[in-house]
Amino acid sequence: MPPPESVWQLKPWWCQPWSILLTGLAVVGASWLLLHLWWITAGASVLIGAWWLLFLVLMPAAWKQSQAGEGGG
């Protein structure tokens, strides 16, 4: 079996970029629709943005770097 080309090939459906983005948008949207408090929605947006940065940018970059260091990609 060839090594995966992307970290996303190793993850289940609920941990794919599309599901991470949709969940984040749903949380921010629900915050606004249910509470109508901009400061809570802004706080949720900051937390979701940090979550996206970690899981959609930093984690794949670290995985790619680790694969390059092992000679696997």
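For beta carbons closer than 6 Å, sequence separation of 6+ or different chains, a first residue in the stretch 16-33 that is under 15 Å from G49 (Cα atoms) and at pLDDT 95 or above and a second that is surrounded by 12 or more Cβ atoms within 10 Å (Cβ to Cβ) and not hydrophobic (A, V, I, L, M, F, W, C), the qualifying pairs are V28/S45; S31/T41. Of the listed requirements (1) polar (S, T, N, Q); (2) within 14 Å of the chain's Cα centre (by Cα); (3) surrounded by fewer than 11 Cβ atoms within 10 Å (Cβ to Cβ), Q9 misses just one: (2). Evaluation of S31 against the conditions (1) surrounded by 13 or more Cβ atoms within 10 Å (Cβ to Cβ); (2) out of contact with any Pro (no Cβ under 7 Å at 6 or more places or on another chain); (3) within 30 Å of Q67 (Cα to Cα) shows that the sole unmet condition is (3).
The values are calculated or read from the model by the stated rules, or taken from the named source; none is laboratory data. The structure presented is a predicted model; accordingly, all values stated were derived computationally and were not measured. Here Cβ is always computed from backbone atoms with ideal geometry, including for glycine, and neighbour counts include all displayed protein chains.
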